[in-house]
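See structure below.
Rule-based calculations on the coordinates, nothing more; no lab input. Because the structure is a prediction, the values reported are computed rather than measured. Using ideal geometry, Cβ is built from the backbone for each residue, glycine included, and neighbour counts are taken over all protein chains shown.
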Amino acid sequence: MSQKVYDKSNEKDYDFKSDSFDLVQVDKKIHDVKFETKATTFAKDAFKRFLKNKSSVVGAIIIGVLLICAIILPVVIPYDIKQPHTEQALLPPKLFDAGTGFWDGTKKYENIMFDGSTESPAGFSKDYVLKYTAVNDEEYVDEPNPYATGGSLYLISDNLLPSGSEPHANTYIFQNYTGFNITSTDGYKVKIVFGETDNVKGNKLGEYRVLLKSGSTTIVLKDWSREYGEQEFDLSAVLAANGKTNMANANICIEMARGTSNLTYLLIDSLEITANITDEEELAKLHEISITDANKTALYGKGSDGKFPVGYWRSTTTKGVYQAAIRYVSFVYDVYASKLGNKDISIGGSDMQKYVDNGWCEYDFKVGPSSFKVLDSENCPVIEVYSQSYDNEFGIYNISVKATYYKYLGYDSMPRYILGTTDVGKDLLKVSFNGLRTSLLLAIVASAICFIIGLCWGSISGYFGGNVDLAMERFCEILGGVPWIVVMTLAILLLGNNIITFAMALCLTGWLGTAARTRTQFYRFKGREYVLASRTLGASDARLIFKHILPNSLGTIVTSSVLMIPSVIFSEATLSYLNLGLQGVDSFGVILSENQKYLSSYPALIVFPAVIISLLMISFNLFGNGLRDALNPSLKGSE
């Protein structure tokens, strides 16, 4: 059978045969083809998509590491943060041995005055100075300084004489309070070196004389003169020449004539008294009253008993120092050894008895310090006992000892605080992660409650709309109009400052953001075709909400809600700065609030907690972005 078809355009006929309409697969069987991919669930597919987002995986790993550290580190770190000691306060970070130059518990100081009397930087023990370098060779100062050395003693007349008056002298007495005893056979000598510099501070060198006085007896060693430089006087020979065998309670006096036209002065570089005696106590006394450091002599003043110290220039006129040398050094100081090493302390009788009971030492309270003997140097904190006293009022012993302080605190070895310690002696590493645990617990609980409330509220408001939505939105606007800080303050005032009250206050308004986002997403998806189709087939409101609308909008909601956790931590930190933070617990807000004053002097106290809180914020942000893509149903099965 065939049929002719007329093609008007070409005016040509086409012939179609019956076999042209046979089915191509008429002899083949048609059946379902087996899926080439494995069956999966929404959760597995979401996890697979999450793993493909490398930044989100890194964020999740960082969050996991911080969570593990927050749980484990406060437990395994051996140093107890509940019993801090002031000697442990503000220790620098230490991981390696002192002197390695990096992370070794030392601190570098710049331009510190050098104390020549102790041969160490001023205020620091030379036993713990690892090394120091001089900043300057010497610097001259004309004012007495506790750390300056040498120079010349500057003695000046107190005022000018009226014109036409008779010249008279200012008397400077160089004295030992009880005087010193001179004999004609012991070879007592005094050597005075007078400075020769003229026109110091606009004054001029004056005329002087040197006297030896004891009570009403006066012997002139050198009469009025202007001879400067070294002057030596044989006191024993002078006594013999004056027919005396000894002079008790003697003192050296220098008298300086007052000027009539301008003030005069003397410079004394040194004054040294020597004698041919063997009594070590007397020799030490002579050395003590000699002047070898003019600056030190210029600093002398009366003691608390009203007496002058040894080697004091007693005068009612001006005394100062001229060109004393002062040095500055920069050095590295072992802070751990200075605070926790060997030091002089006072311990109680109960402590000593405990050491005796442990078999670490021997000590008899009736005998006292001489009975002390170390039996176990590895464990015994006490190295030496100086003295013992008994308090009758309280019935306790007070024992002055030299002890290894870290052993006294109960440590087996010198502690190493990896991040240093706080201002009250707590381990910063342990405190930080203990605070992180508290802050995370508070943040997760508060965020979970806010998320659940906001999700339910927003779902109902967005799904039903109309008057229901209108009423619920007006309530949210009223609640959101109350300042959050006011809500928090009122909650704390009414219920007390604790973690439960803090969480409740956060949950009062914290869910509003989640509710608003959920409502927006429901308005976006509730009119879609698949929702209308399900409603047509008789799906209930609950099924439409939880089966069709919520899964599609969950990605955006979760992404924003995840950021509530670092937001809660920041909120708690903000309140801590306003002294409304948690009390009696360590949290990130409390730590940052307490340590912010040390930002310039001890930056580790604020930098490390700040780094952790920054890592949390960044990691939760990355983690939330990954969750958004992973929980988006429209991306299911996509690569």
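General observations
- Remark: the stretch 292-300, residue by residue, has Karplus-estimated 3J(HN,Hα) of 10, 10, 5, 5, 5, 5, 5, 7, 4 Hz, where x stands for each Gly or Pro and the curve is 6.51 cos²θ - 1.76 cosθ + 1.60 at θ = phi - 60°.
- Taking label points 7 Å from Cα along the Cα-to-Cβ direction, Ser540 and Asn246 give a separation of 12.0 nm.
- In this entry, the stretch 428-635 is assigned a mean projected area of 13.1 nm², taken as a quarter of its C-alpha convex hull surface.
- The angle between the Cα long axis of helix 280-289 and the main principal axis of the chain comes to about 80°, on a 0 to 90 degree scale.
- Value of Rg/Rh across the chain [Cα atoms, Kirkwood radius]: 1.31
- Amide N of the stretch 198-212 lying under 17 Å from the label point, which is placed 7 angstrom from the Cα of Asn262 along Cα→Cβ: 198-207
- Calculated FRET efficiency for the pair Ser413/Cys456, C-beta based, R₀ 56 Å, to 0.05: 0.50
- Rounded tilt (10° steps) of 499-509 against the dominant C-alpha axis of the chain: 50
- The percentage of C-alpha pairs in the stretch 438-483 whose separation is greater than 11 Å is 70%.
- Between helix 550-562 and the chain: long-axis angle, C-alpha atoms, 0 to 90°, nearest 10: 10
- For the chain, calculated [θ]222 nm from helices alone, where every DSSP H run of n ≥ 4 adds -39500 (n - 2.57): -11500 deg cm²/dmol
- For the pair the stretch 490-520 / the stretch 534-588, the C-alpha centres are spaced 12 Å from each other.
- Cross-link pairs beyond the 30 Å C-alpha cut-off, checked among Lys201/Lys296; Lys339/Lys430; Lys94/Lys597; Lys131/Lys189; Lys107/Lys426; Lys189/Lys296: Lys131/Lys189
- The stretch 341-408 shape via C-alpha gyration tensor axes, a/c threshold 1.5: prolate
- Burial ordering of Asp423, Asp293, Asp97, Asp32, fewest other beta-carbon atoms within 10 Å first: Asp32, Asp97, Asp423, Asp293
- Kirkwood-type radius of the stretch 391-446, with distances r between different C-alpha atoms, in Å: 15.0
- Potential lengthening between Lys354 and Thr217 on full extension [0.36 nm per residue; Cα-Cα distance subtracted]: 42.9 nm
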